[in-house]
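Derivation of every value follows stated rules applied to the coordinates shown; laboratory data play no part. Since we're looking at a predicted model, the values are computed, not measured. When we count neighbours, we look across all protein chains shown, and the Cβ atoms used for this are built from the backbone with ideal geometry, even at glycine.
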Amino acid sequence: MTAPPDRRIAAHRPDLADRRLEGLVAAGQFVEGERWRIALASVPLRAAPRPDLPFETEALRGEVVRVFEETIEGWAWGQIETDGYVGYFSADALGPLAPEPTHRVIVPRTFLYPAPDLRRPPREALSLGATLALGEAVETRGTLYRMTADGAAAVVDRHVAPLDAPHADDWVAVAEGFLGAPYLWGGRTSLGLDCSALVQLSLAACGIAAPRDSDLQESAVGRPAEGPPRRGDLVFWPGHVGLVAADETLLHASGFQMQVVREPLAGAIARIGAPRSIRRL
């Protein structure tokens, strides 16, 4: 018997499922779902509609989600289109699809201000990979800002890039920008992230799509590495992943140190055990 699709990346429950899965899973009802755009800086997804459950992942501002159900308690059950992840999240995060984003955040974190002025208290903090619809450029006291398309907020111009601009070309350097960020199970921002989010965000900044969880990344990203580990390789253990940096060091979001750290690869292997695989892009 064929196993049903992975519930992490396929929206199906006994009572409700994505219409695209009809014929692949059993469900009481199949629905098309409605597409929305995340309108908050980030929102956590959980495995069930309970605020006391751990994060499964987070959706970032500008990402599109397909929503299959909204509850009277204010929960939405849906799927992030970026990486296919499924979960429950606050329906307050949902916003209209329009206007289409024009820019992406290219630094670990930046602020969205109510006006083009760094002295104003920020509205929210946006993380690497968030996207925005931006319009005119405005300079205040030598700092250039971009106004949002509706003119209601501003972001520092050098912290964003047009969606069609060239991507970064060094995912290790991108990951190094998160050094010291706290470890957060299921987190996907510089306020807190886990090992696979560090890899996913760093690769995405270089235009490389990757699944959300480490086991999915191991089966989908790169090819088996030949020879000694080298800079940029991904090192996988059961439930963990890190990036090889210079001088045979490992860069990873460590649940042991509880932050993003750089440490000798040999030391990490001594503590965690032999890697299951090393992948090269």
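Structure values in brief
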{"quantity": "Where labels lie 7 Å past Cα in the beta-carbon direction, separation of E100 and R13 in nm", "calculated": "3.3"}
{"quantity": "Shape of segment 103-162, Cα gyration tensor, a/c cut at 1.5", "calculated": "rounded"}
{"quantity": "Distance histogram in 10 Å bins (all Cα pairs of segment 1-97, percent per bin)", "calculated": "17, 52, 27, 4, 0"}
{"quantity": "Förster-model FRET efficiency, 30 Å R0, L191 and E70, C-beta, rounded to 0.05", "calculated": "0.70"}
{"quantity": "Between segment 76-107 and segment 26-59, the alpha-carbon center distance in angstrom", "calculated": "10"}
{"quantity": "Residues T249, T143, sorted so that the one with the fewest Cβ neighbours within 10 Å comes first", "calculated": "T143, T249"}
{"quantity": "In range of the label at A115: residues from segment 131-145 whose backbone nitrogen is under 13 Å from the point 7 Å along Cα→Cβ", "calculated": "140-141"}
{"quantity": "Anisotropy class of segment 64-205 from Cα gyration tensor, a/c 1.5 cut", "calculated": "oblate"}
{"quantity": "In range of the label at R50: residues from segment 87-123 whose backbone nitrogen is under 14 Å from the point 7 Å along Cα→Cβ", "calculated": "88"}
{"quantity": "Scattering profile of segment 171-280 at q = 0.17 Å⁻¹ [log10 I(q)/I(0), Debye over alpha-carbon scatterers]", "calculated": "-0.69"}
{"quantity": "Packing-based exposure ordering (other Cβ within 10 Å, fewest first) of I80, I272", "calculated": "I272, I80"}
{"quantity": "Footprinting exposure proxy for V261, V31, V86 (fewest neighbouring C-beta atoms within 10 Å first)", "calculated": "V31, V261, V86"}
{"quantity": "Difference of contour (0.36 nm per residue) and Cα-Cα distance, A133 to D92", "calculated": "12.8 nm"}
{"quantity": "Backbone N under 20 Å from the E176 label point (7 Å along Cα→Cβ), restricted to segment 201-222", "calculated": "201-208"}
{"quantity": "Of D52, D18, D117, the one that fluctuates the most in a GNM where the chain has Cα springs shorter than 10 Å", "calculated": "D52"}
